[in-house]
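**Q** Mind looking over this structure? Questions follow.
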Amino acid sequence: MDRRSILKNAGIAGVLAAGAAPAVHAQQAVRWRLASSFPKALDTIFGAAETFAKHVKEMSGGKFEISVHAAGEIAPALGVVDAVQQGSMECAHTAPYYFFGKNEAFALGCAIPFGLNSRQMTAWMYQGNGLTLMREFYAKYSMINFPMGNTGAQMGGWFRKEIKSVKDLKGLKFRTGGFPGKAIERLGVIPQNIPGGEIYTALEKGTIDACEWVGPYDDQKLGFNKVAPYYYYPGWWEGGPQLDLFINQKAFDALSSENKAIVQNAAAYAHTDMQAKYDAKNPAALKQLVGSGTKLRPFPKDVMAAAFKEAMALYSELNAKNEDWKKIYADFSKFRADSNLWFRFTEANFDKFMQEQKL
Ligand code: CA
């Protein structure tokens, strides 16, 4: 045995004697903070972050804990991407389309008008190129994302007056949030980006003519039905908006492989669970709303046709001026075309038949 081997062996013996070697598999305690872009009152959306944190804690045997903070507590609702990018907190739960002002491509990881429905979005993310393309894009902001929740197709919102044609939208002050306003304003609508807590008063006072939020379960809690009688569908700008868990890349890289797997699986559980909550809670809320006088109305055909045309024109413009958008949208739109070709035979026909039966 040469001198070097002797020293090496002595070193290992020393480590073993000190009892440090078995610690290779022991997990260090990890404490993270998560900033949500949502208020606690939104139990479905805010709750997805809590579900995630609970599962991370359970799967790690309590060694990995994430404290969940409502919008404004440790970061403003729309400041969470900056905070994660700068590393002032490890992670955030948000709707990526809020950040379209930084780059319109954020919207492709969330929802664009006439985009993908919830099932299609998850398929594009998990099994298509969605996750790879969005992660490549989010890397520019020093973040990695994990899909974490979807509301499913939203409602078109609450209107004080009936909408009979696309002409009735001209000059209409309409509360909507994020990227959808870019397409809606092309119809002559004046989009108003008002936080959730202030919409009711604005609608009651007539400062705005209409608003959209999410769907029956969340909308009923905010009481819009008391100040606007018409409830339109569908929310063509949000066919399946996906929320994301954004994690600072350095913080994620510093995790053990076990903790990385825990994050991935806890986020995947919260992703499915949030959609399940909406699908289970919306039916009863819609029944109660209609029972108390809400008038359900489909958007007129000319509104849908004009909106579709304007959305596609907007995407052509973005293809010409935003390279990130162009690259991701090319894949997104191909996936959308293929998926709709398939869904039209199976899901669409099965659902339509079942909805027409007396059950
Ligand atoms: Ca909405």
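The values are calculated or read from the model by the stated rules, or taken from the named source; none is laboratory data. Just so you know, these numbers come straight off a predicted model, no measurement behind them. Glycine gets a Cβ as well: all are built from the backbone with ideal geometry, and neighbour counts include every protein chain shown. Calculation scope for accessible area: heavy atoms of the full protein, side chains included, ligands and nucleic acids excluded. Shrake-Rupley method; radii C 1.70, N 1.55, O 1.52, S 1.80 Å.
**Q** Amide H to amide H under 5 Å from residue 64: which residues, 5+ apart in sequence or cross-chain, H placed 1.01 Å off N in plane?
**A** Amide H neighbours of residue 64: 30.
**Q** When the Kirkwood hydrodynamic radius is evaluated over all pairs of different C-alpha atoms of the chain, what value in angstrom, to one decimal, is obtained?
**A** Values: mean 1/r = 0.0451 Å⁻¹.
Its Kirkwood hydrodynamic radius stands at 22.2 Å.
**Q** With the other protein chains left in place, how much accessible area per residue, in square angstrom, belongs to the chain at a 1.4 angstrom probe?
**A** 49
**Q** Which order do the peptides 345-351, 301-307 come out in when sorted by mean C-beta neighbours inside 10 angstrom, highest first?
**A** Averaged packing, sorted descending, gives the order 301-307, 345-351.
**Q** Using the basic label-point model (7 angstrom from Cα toward the beta carbon), what is the residue 296 to residue 340 distance in nanometres?
**A** 2.4
**Q** Convex hull over the Cα atoms of region 188-327, averaged projected area in nm²?
**A** 12.0
**Q** Let me ask another. If amide H atoms are built 1.01 Å from N in the plane of the peptide, which residues on other chains or at least 5 residues away come under 5 Å of the amide H of residue 297?
**A** 231, 232, 233
**Q** Another question, then. Roll a 1.4 angstrom probe over the protein heavy atoms and tell me the percent of accessible area of region 199-279 that is carbon or sulfur. Don't skip to the answer; put the middle values down first.
**A** On the way: 1560 of 2950 Å².
After summing per-atom areas, the C and S share lands at 53 percent.
**Q** Can you tell me the length gained on complete extension of the stretch residue 316 to residue 28, counting 0.36 nm per residue apart and subtracting the Cα distance?
**A** 98.7 nm
**Q** Here's another thing I want to ask about it. Where in region 175-196 is the amide nitrogen less than 18 Å from a point lying 7 Å along the Cα-to-Cβ axis of residue 103?
**A** Once the point is set 7 Å along Cα→Cβ of residue 103, 179 turn out to lie under 18 Å by backbone N, inside region 175-196.
**Q** Relative to the first principal axis of the alpha-carbon coordinates of the chain, what is the inclination of helix 323-343, with its axis defined by its Cα atoms, in degrees from 0 to 90 and to the nearest 10?
**A** Taking Cα atoms only, the helix is inclined about 70 degrees.
**Q** Take residue 356 and residue 167, extend 7 Å from each Cα along the Cα→Cβ direction, and tell me the distance between the two endpoints in nm.
**A** 3.4
**Q** Not counting ligands, DNA or RNA, and with a 1.4 Å probe, what is residue 93's accessible surface area in Å² rounded to the nearest 10?
**A** Here the accessible area works out near 0 Å².
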